[in-house]
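The values are calculated or read from the model by the stated rules, or taken from the named source; none is laboratory data. Note that the coordinates shown come from a computational prediction; the quantities given were computed from them, not determined experimentally. With ideal geometry, Cβ positions are generated from the backbone for all residues, glycine too; neighbour counts draw on all protein chains shown. The protein model used for the area step is the full one, side chains on, heavy atoms only, and it has no ligands, DNA or RNA in it. Shrake-Rupley method; radii C 1.70, N 1.55, O 1.52, S 1.80 Å.
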Amino acid sequence: MSSRTAAPPRRPIGSATRGTTNPNRLRRMDRWIAAAHGAELRRSADPVAVDLGYGAAPWTAVELLGRLRTVRPDAAVVGVEIDPARVAAAQPYVRDGLAFAHGGFEVPLAAGRRPALIRAANVLRQYGEDEVAAVWARLCGRLAPGGLLVEGTCDEIGRRHVWVALGPEGPRTVTFAARLGSLGTPSDLAERLPKALIHRNVPGEPVHAFLRDFDRAWAAAAPYAALGARQRWIRTVTDLRSDWPVVDGPQRWRQGEVTVAWGALAPRG
């Protein structure tokens with residue numbers, strides 16, 4: 001028998017979140033992923049997605065699998081949690097295409113396997129703004145070619161949500177999504193900005209200017225409210241794109257979404 005002592009297991013990278021979650025909380029993000037990333041997922045040689053930091057209950061991982069399988073029937077999801085008790089609690093939900101693993105930002109998959117998608121929702125809120133870039137770089141470095149990282153924040157029942165989409169090269173877009181019937185003004189979404197942007201919602205920063213212009217366009221579209229909140233939103237975004245690089249179209253706007261190029265909202269400096 002060898003006298004060499006086995007190396008202790010490496011500690012997962014990151015910190016545990018509060019773990020709060022609710023069924024269907026991430027439906028807006030999931031539907032956007034299926035629509036915007038569906039073509040890449042269909043082309044993927046290994047259509048595995050990671051639900052990073054899924055929380056105390058595995059609802060979001062279960063739901064993600066169902067939504068991804070609408071575009072890729074053999075898609076698989078691995079829920080990754082830094083709290084081993086949460087991983088143990090999720091084991092009764094394991095089934096074909098759905099597994100759970102103990103880990104953090106290192107994204108522990110089988111050797112040589114790279115995810116086509118990493119979703120990290122409500123994970124970075126507890127971190128400092130100066131930590132975000134390093135986490136993004138680490139997660140993007142784990143992606144397969146053509147892979148996508150989606151990182152953002154939503155409220156407790158998924159009515160308001162803002163997320164950043166990143167590829168291996170870095171951030172690409174920012175998406176704002178809302179249940180329009182509960183929205184007072186577009187700037188209500190400011191409280192759900194991802195960590196990279198939430199402290200930049202101050203005069204002189206692009207995201208502040210964007211939300212200001214969004215509110216102005218919303219006010220100008222008030223006559224369309226008689227036709228419903230959806231028609232008012234569509235008119236608002238139609239006007240907004242004359243000054244901002246909106247990268248999606250009416251099909252997504254009807255869902256209460258708008259996606260803008262990252263470079264237009266990126267923090268100064």
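Looking at this structure, is Ala101 open to solvent by less than 10 Å² (accessible area, probe 1.4 Å), at pLDDT 95 or above and in contact with a helix residue (DSSP H, G or I) (Cβ under 9 Å, 6 or more places away or on another chain)?
Answer is no for this residue.
In the stretch 235-249, how many residues are in contact with a helix residue (DSSP H, G or I) (Cβ under 6 Å, 6 or more places away or on another chain) and either open to solvent by less than 30 Å² (accessible area, probe 1.4 Å) or over 17 Å from Asp215 (Cβ atoms) (or both)?
Result for the stretch 235-249: 4.
Given Gly269, Gly263, Gly204, Gly256, which one is under 22 Å from the mean Cα position of the chain (by Cα) and closer than 24 Å to Val132 by Cα?
On inspection, the qualifying residue turns out to be Gly263.
In this structure, is Glu191 under 26 Å from Leu65 (Cβ atoms) and acidic (Asp, Glu)?
Judged against the criteria, Glu191 is not a match.
Quick check on this structure: which one of Gly66, Gly79, Gly104 is farther than 29 Å from Ser187 by Cβ and in a helix (DSSP H, G or I)?
Gly66
If we only count helices (runs of 4 or more DSSP H) wholly inside the stretch 194-269, which ones have 3 or more residues that are among the aromatic types (Phe, Trp, Tyr) and more than 20 Å from Val150 (Cα to Cα)?
Counting at least 3 such residues, we get 206-220.
Looking at the stretch 30-52 only, could you name the residues that are among the small types (Gly, Ala, Ser), open to solvent by 10 Å² or more (accessible area, probe 1.4 Å) and in contact with a helix residue (DSSP H, G or I) (Cβ under 9 Å, 6 or more places away or on another chain)?
Once the filter is applied, which keeps residues that are among the small types (Gly, Ala, Ser), open to solvent by 10 Å² or more (accessible area, probe 1.4 Å) and in contact with a helix residue (DSSP H, G or I) (Cβ under 9 Å, 6 or more places away or on another chain), the stretch 30-52 yields Ala34, Ala35, Ala36.
Against the condition at pLDDT below 90 and more than 27 Å from Arg172 (Cα to Cα), how does Arg18 come out, does it pass?
Yes; evaluated as a whole, the condition is true for this residue.
Enumerate the strands (runs of 3 or more DSSP E) found wholly within the stretch 118-184, keeping only those where 3 or more residues are open to solvent by 10 Å² or more (accessible area, probe 1.4 Å).
In the stretch 118-184, the matching strands (runs of 3 or more DSSP E) lie at 170-178.
Need the failing condition index for Arg254 against (1) modelled with pLDDT under 95; (2) open to solvent by 70 Å² or more (accessible area, probe 1.4 Å); (3) not hydrophobic (A, V, I, L, M, F, W, C), just the number.
(1)
Working only within the stretch 190-214, note down all residues that are surrounded by 17 or more Cβ atoms within 10 Å (Cβ to Cβ) and either small (Gly, Ala, Ser) or under 16 Å from Arg230 (Cα atoms) (or both).
Across the stretch 190-214, the qualifying residues are Ala190, Ala196, Phe214.
Pairs under 8 Å by beta carbon, first residue over 14 Å from Pro186 (Cβ atoms) in the stretch 220-232, partner modelled with pLDDT of 95 or more and among the aromatic types (Phe, Trp, Tyr), six or more apart or different chains?
As it stands, the answer is Gln231/Tyr224, since those pairs meet every condition given.
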